[in-house]
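Read-outs throughout are calculated quantities, based only on the coordinates presented, and are distinct from any laboratory measurement. Predicted, not measured: the structure shown is a model, and the values here were computed from it. No Cβ is skipped: glycine too gets one built from the backbone with ideal geometry, and neighbour counts run over all protein chains shown.
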Amino acid sequence: MPDIKIQNLTKIYEESGNDIVAVDDVDLTIGDGEFVTLVGPSGCGKTTTLRCVAGLNKPTSGTIYFGDRDVTDKPVQERNIALLFQDIALYPHMSVQENMAYGLKIAGFSREERIARVEEAAELLQITDQLEKMPSELSGGQQQRVALGRSLVRDPEVFLFDEPMSDLDAKLKAELRPVIEKVTDEIGCPTLYVTHDQEEAMTMSDRVAVINDGELEQVAPPKEIYDEPDSRFVSQFIGQPSTQFFDGNIGTVNGTAELVVGDYEYELDRAGLEGWDGDDVHVGLRPQYISVSDDTGAGIPATHLLDEPLGDATHSFFETEFGEVVVVTDPDFEGGGEEYGLVFQADYIQLFDSSSGVRIA
Ligand code: ATP
């Protein structure tokens, strides 16, 4: 199977005389057998990128290769792709078996070959017992499995998914996620999966590509994206509840960098802080690395607002001089509107340039 190489992809739409830069000089390679998720907020250019790879949109500039084959100007039917959208669109008057076999029939496959391929795909998708049913008799999750099966039987070179689970509830999503992973793994072709759901991106991908305003912010394995975000945007977008931010200033004490946040100082023995002495920075901390002290003098003064108990942990909200802050507290924490001190675990502090949002240390 080939890899997908997206090189310097730019797509500009023109609307009422105005240029809309939907995708801005994107470079991304999806290796043979690799599952890459393109994740970002609404309107950031995910679907446009995917449609250019599929051949449904013509790039303004840039090149798309499947292996060594330049497919930039090839129509969708010459790309041998499997495409799955949010809109499932099964043929309502055909059974599951007929829906899955239809593309093969049009392509001239024999009856025996159609049956064999559909049975193999149905087994992989765990829908063998649904083959005689009509689409209206299936749940949303089952229908999406049939749509996946319809693509699967055609033995695609490339898998492209555009928010295929956004109409499904949380439980069905959780059930379908491993099925999609298993299927794409088994077929072994490169997969580009578009979603705005960071949880989907984190749980399914070999690598996550975070896109913001048409530009790629970072491409890395899920753990690296979470632990070592390259920018404030990535830190905030990935992770739930999201990274909390504070205003800080960098100083130096006895040759060691020191971070000042409000009345609190943290020694930071980190590379990358040379030359930042006296500069303002944005300080990011994941909510599980902030602890709540009864001693109001122990950390950033905080007034408790409310608790959201989740069973295995509680999300506790506080008002501070930096705005509202969410902290992951113990399952039995109950704040009761009291005053607390929020204490940072200094090892997990992320520092960002306050103007560009780029990670400093
Ligand atoms: P969503 O998650 O909401 O689907 P997205 O990240 O997939 O968003 P795109 O659909 O790629 O984003 O859109 C990127 C930008 O391009 C947006 O500003 C959108 O309004 C604009 N856009 C998309 N399609 C067109 C079009 N056919 N004509 C004009 N502008 C478009």
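Of note:
- Considering only GLY103, GLY323, GLY262, the Gaussian network model of the chain with Cα springs below 10 Å gives its largest mean-square fluctuation to GLY323.
- Two-decimal Rg/Rh across region 231-301, once Rg and the Kirkwood Rh are taken from alpha-carbon atoms: 0.99
- Residue order for ASP230, ASP295, ASP197, fewest other beta carbons within 10 angstrom first, comes to ASP295, ASP197, ASP230.
- Nearest-ten-degree value, helix 140-152 long axis tilted from longest Cα axis of the chain: 60
- ³J(HN,Hα), Karplus 6.51/-1.76/1.60, whole Hz, each residue of region 253-264, x for Gly, Pro: 10, 6, x, 9, 5, 9, 9, 10, 10, x, 8, 10
- Assigned charges on the beta-carbon of Lys, Arg, Asp, Glu; region 160-227 dipole about Cα centre (debye): 240
- Amide H partners (placed H, <5 Å) of GLU34, local residues excluded: THR191
- Phi to ³J(HN,Hα) by Karplus 6.51 cos²θ - 1.76 cosθ + 1.60 over region 69-82, Hz, x for Gly, Pro: 8, 6, 9, 3, 9, 7, x, 3, 6, 9, 9, 6, 10, 9
- On Cα atoms only, tilt of 170-187 relative to the major axis of the chain in degrees: 60
- Gyration tensor over alpha-carbon atoms, region 244-353, equivalent ellipsoid semi-axes in Å: 28, 13, 11
- Total charge dipole magnitude, the chain, about the Cα centre, Cβ charges on Lys, Arg, Asp, Glu only, Debye to nearest 20: 2300
- Contact order for region 4-237, expressed relative to its length and based on alpha carbon pairs under 8 Å spaced 6+ residues apart, stands at 28 percent.
- Convex hull volume of the Cα atoms of the chain, normalised per residue: 177 Å³.
- For VAL194, the residues 5 or more places off, or on other chains, whose built amide H falls under 5 Å of its own are LEU38, PHE161, ASP162, GLU163.
- Phi-based couplings in Hz for region 24-38 (Karplus 6.51, -1.76, 1.60; Gly and Pro marked x): 10, 6, 8, 10, 7, 10, 10, x, 4, x, 8, 10, 10, 9, 9
- Of LYS133/LYS173; LYS5/LYS171; LYS46/LYS223; LYS58/LYS173, pairs whose Cα-Cα distance is over 25 Å: LYS5/LYS171; LYS58/LYS173
- Eigen-decomposition of the gyration tensor built on the alpha-carbon atoms of region 12-120 gives equivalent ellipsoid semi-axes of 32, 17, 14 angstrom, largest listed first.
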